[in-house]
Each structure stands twice: as C-alpha cells, then as structure tokens.
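Here is the structure we will look at, set down as structure tokens.
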Amino acid sequence: PARQETVVAAATSTHGAVVVGGGAAGCIPTVDMSAPRGRAALSRQVARACGEQHGFFRAVGHGVPPAPAARLDSATAAFFALPPGEKQRAGPPSPLGYGCRSIGFNGDVGELEYLLLHANPAAVAHKARTIDTTDPSRFSAVVNEYIEAVRQLACEILDLLGEGLGLKDTRYFSKLITSTDSDSLLRINHYPPSCTIHKLDHDDQCKMKSVVSSKASNGANLTAGGRVGFGEHSDPQILSLLRANDVDGLQVLLPDRDGKEAWVQVPADPSAFFVNVGDLLQALTNGKLISVRHRVIATACRPRLSTIYFAAPPLHTRISPLAETITTSNPRRYRPFTWAEYKTTMYSLRLSHSRLDLFKID
Ligand code: GA4
C-alpha cells in the first residue's frame, strides 16, 4: 500500500500544540553531509539545525553503508516475529532487554514492543544469548557492526557541532561517547500495524498473541489521527540517531512561524538518519542546542520498525555548560551534574517530564 501522508487538522497534545503535515513537514531541516562545500559551511549548517529553531535534522549522504542496516533489520524483524513466549526470554526490560507496551518504571504505556540494549560488545553478546538462541554470535556480530557504523556517524556530527559552535576543543563532544565505558544504548522499536490493534489487556497483547484482531479501540492512549506508539519526550543522552523503515509515525515539536509550537510529521525516509539533540547536549551548550520533544503516533496499516542509537558518556561524566557557551547575554543556565545523577532522576519520572528543568539555575 502507498505511504500514508495524513494531514491531521487540529490534534491537541499535552502542550496544546497543533499537528501539521504535508507542506509543513518541509520545516524539517535536511543536511546533505556529502554535498561538495567547505567543512566550515557544513558545520555551520549542522549547528544551525541543532540550534534554537529545531534540535533535529534529517541527515542524508551520511556515509553509513546500507548493508549493516539491512542485516540488523532482518535480524530484529526475525526476533519480533517469534511467538510472544519466546520473546519474553529477553525480558523484562529492567531497564534493558525486551519490553512490550510498558515504557520505563512509572506507568508509561505505548503501542509497541522493543529491544533495549547496552551498546557495548560484551553486553550485546550477553543479551544475544536470550534473543537469538540458535545463533547468538551472529546476532551480536550484526548488532555490533551496526553500532560501530552509527557511532562513527555520531562522532562526525558531534565534531561538526564542536566546530560550528566554535569550541576550543572541537572534539569535546565526540570524546565523551568514544570512551570504552560510554553508556550508549541501542533501541529497536516495533510498532504493530495500527489497523490491527484493539484493546486487549497488557497480558493478552504481550504474552498470548502477536497479531490481534482488527476491531477498533475505543480505549485510552489515543491522539486524534492515531494511537500513541511512543509518548512525547525528549531524549536524555547527548545525541540520538534514528533510522526507520518506510512507515511514517515520527513527529517532532517545533516552533511555527508565529513562535507557537506545532507537532510536525516527519515523512519516513529509510535511507536517512534522523538526528536528535539530547538533554545532555542542551545542558553542555547552555541551551544553545535544543533537546527536541518528539513522539510516535502510529496510523499506518503496516508495522513500523525503527532503530535508535543513543550516544551517551560514561556514568561518572560531569555535565556542565562549557565556558564558550556562557556569555553575559546567556548566563549559566544549568548547575553541574553527573550522567549517573541525571539517570537516577530520569528513571524516577514519567516519560514526558521536562527533566532538564530540574537542573536549571533560577
Ligand atoms: C527515552 C529515550 C530512550 O528510549 C530511553 C527511554 C527510557 C526507557 O525506555 O527505559 C525512559 C525514557 C527514555 C526517559 C524517562 C524514563 C527512562 C523511559 C522512562 C519513562 C531508553 C532513555 O534513555 O530515556
């Protein structure tokens, strides 16, 4: 079936924002990382995209070869096609592992199932034994090959940001995510076709059946135009790189021309990476870069498969606005904290909480 390009007229969110699609999707910046131009122009473009207006861009010409991504997609699709009982072997997500519908520890629910993995080879190999019981070493090789490719892209984008922001140490951000004890994650989300979901209780949907009937739901967790696949939130880490199949669903909260916030539908593009600034990068840049709020609303009749790499520093890393980003017109906005402290806070809160506000200096 053809890709759905729905324009939802006026769906309210917790922000009271309006959802726009079609032409408005044009406000999502695209950066062609292979375009022939100087490095300085590219770094300025990336910094602008991650700055005040957006905190989000579509990266094309990114240099990540398609083969590792295709291998990962078929390995993870094979996992999600297993009977629910077999998938549960890799769960529960506490916080890592296989999860179905429940997100985090505080009652958030989404119409999805997922795998959440620590992005280091030893952790992947350990978890692979419960994910692919027939050939765990092949599964970990496929995952690690993908992680290595996206980590390189994340470093390249972070170096461009360091240059674009005029940092003294332009590699400051990328060094945070390359150390061997970095706390980066890989998340694979599988959203069932929206037209086949009906309201079953959690146990039915997650343990008994993998495909459910086509009766429409009149239950909660609906937003005009579709079901909440993954509720609105910002990503806590430094940078997130998302790649998905050709099924729409991702929306980002962006200011419109009048400065009001609007949910903008992000048209699917399986060959692109969608890049999100995370809370830590907003704190490190004293608010110059913006951690964008986003969500997934599932409306399509085909499953959406997305893979997100969350680039994070080691747990003990001290996060404090960099000197270059503190000026008289933009005085220090956040107190110093460690990534470990931030994680403790984020796991104690709901998904949609604007958690970085708790670290603001009044
Ligand atoms: C949002 C971004 C990532 O998916 C994630 C999520 C994490 C989880 O699923 O365990 C959290 C959420 C995310 C932020 C608040 C807490 C923690 C669920 C939740 C309610 C893996 C992450 O790092 O933070």
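At a glance:
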{"quantity": "Test set (1) within 16 Å of the ligand (Cβ to nearest atom); (2) in contact (Cβ under 8 Å) with a residue 40 or more places away in the chain - residue 166 fails condition number", "calculated": "(1)"}
{"quantity": "Only listed residue being in a helix (DSSP H, G or I) and more than 22 Å from residue 286 (Cα to Cα), chosen from 139, 173", "calculated": "139"}
{"quantity": "Flag if residue 119 is within 17 Å of the chain's Cα centre (by Cα) and more than 15 Å from the ligand (Cβ to nearest atom)", "calculated": "no"}
{"quantity": "Number of the exception - residue 98 against (1) exposed (fewer than 14 other Cβ atoms within 10 Å of the Cβ); (2) among the hydroxyl-bearing types (Ser, Thr, Tyr); (3) not in a loop (DSSP other than H, G, I, E, B)", "calculated": "(1)"}
{"quantity": "Matching residues in region 231-265 - criterion: being in a loop (DSSP other than H, G, I, E, B), away from the ligand (no atom under 14 Å from the Cβ) and either surrounded by fewer than 20 Cβ atoms within 10 Å (Cβ to Cβ) or touching a residue at least 60 places away in the same chain (Cβ under 8 Å) (or both)", "calculated": "245, 246, 247, 248, 256, 257, 258, 259, 260"}
{"quantity": "Exclusive hit being of a type in the set (A, V, I, L, M) and within 16 Å of the ligand (Cβ to nearest atom), set 322, 289, 284, 351", "calculated": "351"}
{"quantity": "Unmet requirement for residue 308, which otherwise passes all of (1) over 23 Å from the mean Cα position of the chain (by Cα); (2) assigned to a strand (DSSP E or B)", "calculated": "(1)"}
{"quantity": "From 154, 122, residue being out of contact with any Asp or Glu (no Cβ under 8 Å at 6 or more places or on another chain), at pLDDT below 95 and either assigned to a helix (DSSP H, G or I) or crowded, with 22+ Cβ neighbours inside 10 Å (or both)", "calculated": "122"}
{"quantity": "Near pairs, Cβ below 7 angstrom, 6+ apart or cross-chain, from region 333-362 (more than 20 Å from residue 318 (Cβ to Cβ) and part of a loop (DSSP other than H, G, I, E, B)) to any residue that is more than 10 Å from the ligand (Cβ to nearest atom) and not aromatic (Phe, Trp, Tyr)", "calculated": "352/14; 352/232"}
{"quantity": "Enumeration of residues in region 72-95 that are β-branched (Val, Ile, Thr) and outside any helix (DSSP H, G or I)", "calculated": "none"}
{"quantity": "Out of 334, 342, sole residue that is more than 16 Å from the ligand (Cβ to nearest atom), crowded, with 18+ Cβ neighbours inside 10 Å and of a type outside the set (D, E, K, R)", "calculated": "334"}
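Yes or no, residue by residue, for (1) at pLDDT below 95; (2) farther than 30 Å from residue 163 by Cα; (3) away from the ligand (no atom under 16 Å from the Cβ); (4) among the basic types (Lys, Arg):
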position	(1), (2), (3), (4)
58	no, no, yes, yes
64	no, no, yes, no
68	no, no, yes, no
72	no, yes, yes, no
80	no, yes, yes, no
92	yes, yes, no, no
99	no, yes, no, no
103	no, yes, no, no
108	no, yes, no, no
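The values are calculated or read from the model by the stated rules, or taken from the named source; none is laboratory data. All values derive from a computational prediction rather than experimental measurement. Heads up, the Cβs are rebuilt from the backbone with ideal geometry, glycines too, and the neighbour counts pull from every protein chain shown.
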